[in-house]
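Asks: Here it is: the structure, laid out below.
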2 protein chains.
Amino acid sequence: MITLEHGAGGRKSQELIEKTIAPLFRYRDYNDLGLDGFEDGSSIKIGKEHVVFTSDSYVVKPIVFKGGDIGKLAACGTINDLAVMGARPIAMHMNLVIEEGFGELELGKILRSMAGVCRGERLHLLGGDTKVVEKGALDKIVIACFGIGLAGKLVRNSGLKPGDAVIVSGSIGEHEMAIFSEREKLGFSGSFKSDCAPLYGMIQKAMKAGGVHAMKDITRGGLAGALNELASKSVVSIQVEETEIPMRTPLKNACEVFGFDPLTLACEGRAVMGVNGGDAKLVLRALRRTREGRGARIIGKVVPGKGEVVLDTELRGRRLIQVPTGSPLPRIC
Amino acid sequence: MITLEHGAGGRKSQELIEKTIAPLFRYRDYNDLGLDGFEDGSSIKIGKEHVVFTSDSYVVKPIVFKGGDIGKLAACGTINDLAVMGARPIAMHMNLVIEEGFGELELGKILRSMAGVCRGERLHLLGGDTKVVEKGALDKIVIACFGIGLAGKLVRNSGLKPGDAVIVSGSIGEHEMAIFSEREKLGFSGSFKSDCAPLYGMIQKAMKAGGVHAMKDITRGGLAGALNELASKSVVSIQVEETEIPMRTPLKNACEVFGFDPLTLACEGRAVMGVNGGDAKLVLRALRRTREGRGARIIGKVVPGKGEVVLDTELRGRRLIQVPTGSPLPRIC
């Protein structure tokens with residue numbers, strides 16, 4: 001039976017892909033980078049360029065939240081998945097599935113918010129599809145986006161090297177906590193605002209400043225999921241200093257109250273990157289000069305190993321950061 | 001308010017795109033063929049090749065029907081949208097949105113059926129995304145597919161020329177009638193089987209046999225919608241002989257009983273094409289040699305005009321075929 005965890009981007013999601021989907025579809029002929037890579041997207045080499053593709057469906061609830069809405073989220077998610085592969089996002093397709101009776105004004109608002117992000121990033125809407133289902137067959141709206149980008153050289157999840165510095169671009173967990181506090185109508189909902197933002201500009205500046213060996217945007221599965229994926233694909237281990245992880249105090253406190261592990265909470269405007277050790281300070285400085293990266297920190301380093309992520313804590317010594325089985329909440333993106 | 005007609009692929013769908021979506025997103029820089037074309041897909045020219053993209057969401061109900069299921073439908077729809085643009089389908093992304101509690105066996109069956117079509121057409125699954133929503137937030141499953149193809153030369157909807165013959169590749173309306181009769185649990189449901197099929201092979205043979213100037217697969221909006229789109233985009237008129245339109249007698253009868261216009265019913269394995277007049281017989285012969293095209297007929301011709309589609313009937317003289325406002329049924333694909 002399919003459970004919420006199968007869609008939460010953690011270990012269960014991975015199992016669904018590996019056991020149920022991938023074995024049915026695995027052909028490699030055209031692949032420059034395909035399903036086997038389990039990356040943020042795929043690519044096909046045409047001429048000298050890697051044409052990079054990504055696709056995601058957005059089912060976030062509520063559809064409007066502090067710091068964004070499903071339209072902004074969809075555009076940012078699409079852009080970020082391309083950007084972390086080293087690609088310049090150039091175009092997008094958008095599929096809408098809408099529940100009958102959905103307001104045209106509300107739809108317009110969502111689309112304007114999406115279009116605003118696309119305009120800022122010079123991303124072109126090339127096509128799409130609209131389906132409407134009868135009332136009750138869907139909770140409001142699903143947006144599926146297909147992003148197209150171009151890269152001279154792909155940045156792969158498997159690119160981490162021992163000696164690399166690990167940088168996080170800003171404070172973690174804000175998006176998921178904003179969604180949680182709005183959905184549960186908690187009194188402190190005003191304290192959290194989604195970090196939802198397009199990261200192409202920031203990433204481009206980081207890549208110009210130094211050697212970026214691997215990147216991921218931090219979404220479902222949080223920082224814990226992203227670090228584990230990078231470490232295991234690169235066949236290295238990562239050591240993280242807990243005190244260096246950028247995290248706001250209200251978020252820490254809310255996590256204590258509700259029993260969430262902040263390292264598993266989703267962001268929608270943060271990236272983690274492995275950077276050539278000698279370039280780390282240059283890249284950090286470049287990141288901090290951007291709006292999206294002004295809270296960037298070096299949180300740890302890459303060491304030889306077999307895919308482990310080790311956290312050095314102040315009070316509890318060393319512990320392993322595991323791949324989350326799922327996310328604390330469904331429908332966060 | 002968004003109504004079912006906004007998602008039915010007729011006039012209302014067109015209005016939603018033209019008035020609500022396109023004005024927000026219209027940028028042309030990267031477009032080889034973009035949203036402005038309202039074609040079956042879009043394209044970007046990279047080097048000497050047109051890289052062609054298409055995207056559709058599938059929400060069909062029931063998800064398994066005589067002649068196919070939502071998985072087969074999604075693969076065929078993706079392949080056909082690329083093929084009618086003159087492209088060779090090469091790869092696909094697939095996004096699943098699944099209701100919590102959906103059966104893993106049922107999911108496996110749908111995916112196998114999809115994979116079977118992809119394997120036959122040498123279409124590679126490159127990536128995708130899976131989201132799971134809580135029980136009651138979705139009626140079972142939505143599949144969004146993004147197709148990627150390559151074309152040396154694009155076949156455009158605007159390519160019809162006066163003197164062209166208009167060919168339909170087989171009997172119309174079977175898919176929608178199959179869905180209707182299953183959904184309504186009608187006694188005659190055994191009489192109708194979806195025509196759902198991948199058309200790339202058939203279309204390739206037609207294009208080798210003669211000059212194909214424009215094509216559409218016949219989906220939402222039926223033959224009436226497809227002919228109107230071709231005529232208006234090409235700024236020509238089309239004359240159709242009613243008696244030449246391939247249609248099975250049980251379908252005609254069922255349409256009479258339920259008050260459907262067969263020309264507005266969706267197929268999922270039929271194409272309509274405008275073919276250079278002198279090549280029409282060669283193309284027809286090539287089509288008829290394929291399994292998907294064995295029922296092909298020349299149904300009319302292209303004449304100078306302003307986008308009208310005129311039907312010559314046996315009993316009621318001449319009448320205009322209008323763009324359907326919507327589809328008789330929601331969730332047929």
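Asks: Which strands (runs of 3 or more DSSP E) does the range B:215-308 wholly contain that include 3 or more residues that are farther than 29 Å from residue B:7 by Cα?
Replies: The strands (runs of 3 or more DSSP E) meeting that bar are B:297-303.
Asks: Within 14 Å of chain B (Cβ to nearest Cβ) and surrounded by fewer than 23 Cβ atoms within 10 Å (Cβ to Cβ): which single residue out of A:330, A:262 fits that description?
Replies: A:330
Asks: While we're looking at this one, here's another question. If you take the residues in the range A:1-31 that are modelled with pLDDT of 70 or more and part of a loop (DSSP other than H, G, I, E, B), which one is surrounded by the fewest Cβ atoms within 10 Å (Cβ to Cβ)?
Replies: My answer is A:1.
Asks: Looking at the structure I just gave you, is residue A:282 hydrophobic (A, V, I, L, M, F, W, C), outside the structural domain of residue A:74 (by TED's automatic domain parsing) and surrounded by fewer than 20 Cβ atoms within 10 Å (Cβ to Cβ)?
Replies: Spelling it out, residue A:282 is indeed hydrophobic (A, V, I, L, M, F, W, C), outside the structural domain of residue A:74 (by TED's automatic domain parsing) and surrounded by fewer than 20 Cβ atoms within 10 Å (Cβ to Cβ).
Asks: Looking at B:186, B:160, which one is away from chain A (no Cβ under 14 Å), within 22 Å of residue B:293 (Cα to Cα) and of a type outside the set (Ser, Thr, Tyr)?
Replies: B:160
Asks: While we're on this one: Of the residues that sit in the range B:40-70 and are at the interface with another protein chain (Cβ under 10 Å from one of its Cβ atoms), in contact (Cβ under 8 Å) with a residue 40 or more places away in the chain and not in a strand (DSSP E or B), which one is nearest to residue A:45 (Cα to Cα)?
Replies: B:48
Asks: Inside the range B:117-139, can you point out the residues that are facing chain A (nearest Cβ under 9 Å) and either among the basic types (Lys, Arg) or within 20 Å of residue B:79 (Cα to Cα) (or both)? Please lay out each step first, then the result.
Replies: The initial filter retains those residues of the range B:117-139 that are facing chain A (nearest Cβ under 9 Å), namely B:118-119, B:122-134, B:136-139.
Listed by number, the residues that qualify are B:118, B:119, B:122, B:123, B:124, B:125, B:126, B:127, B:128, B:129, B:131.
Asks: While we're here: Counting just the residues of the range A:81-104 that are farther than 25 Å from residue A:140 by Cα and within 9 Å of another protein chain (Cβ to nearest Cβ), which one comes out surrounded by the fewest Cβ atoms within 10 Å (Cβ to Cβ)?
Replies: The qualifying residue surrounded by the fewest Cβ atoms within 10 Å (Cβ to Cβ) is A:90.
Asks: A follow-up question, please. Kindly indicate which of A:142, A:133 is touching a strand residue (DSSP E or B) at 6+ places or on another chain (Cβ under 8 Å), over 18 Å from residue A:200 (Cα atoms) and surrounded by 24 or more Cβ atoms within 10 Å (Cβ to Cβ).
Replies: Only one candidate qualifies: A:142.
The values are calculated or read from the model by the stated rules, or taken from the named source; none is laboratory data. Note that the structure is a prediction, hence the values are computed from the model and not measured. Reconstructed Cβ throughout: ideal geometry from the backbone, glycine too, with neighbour counts over all protein chains shown.
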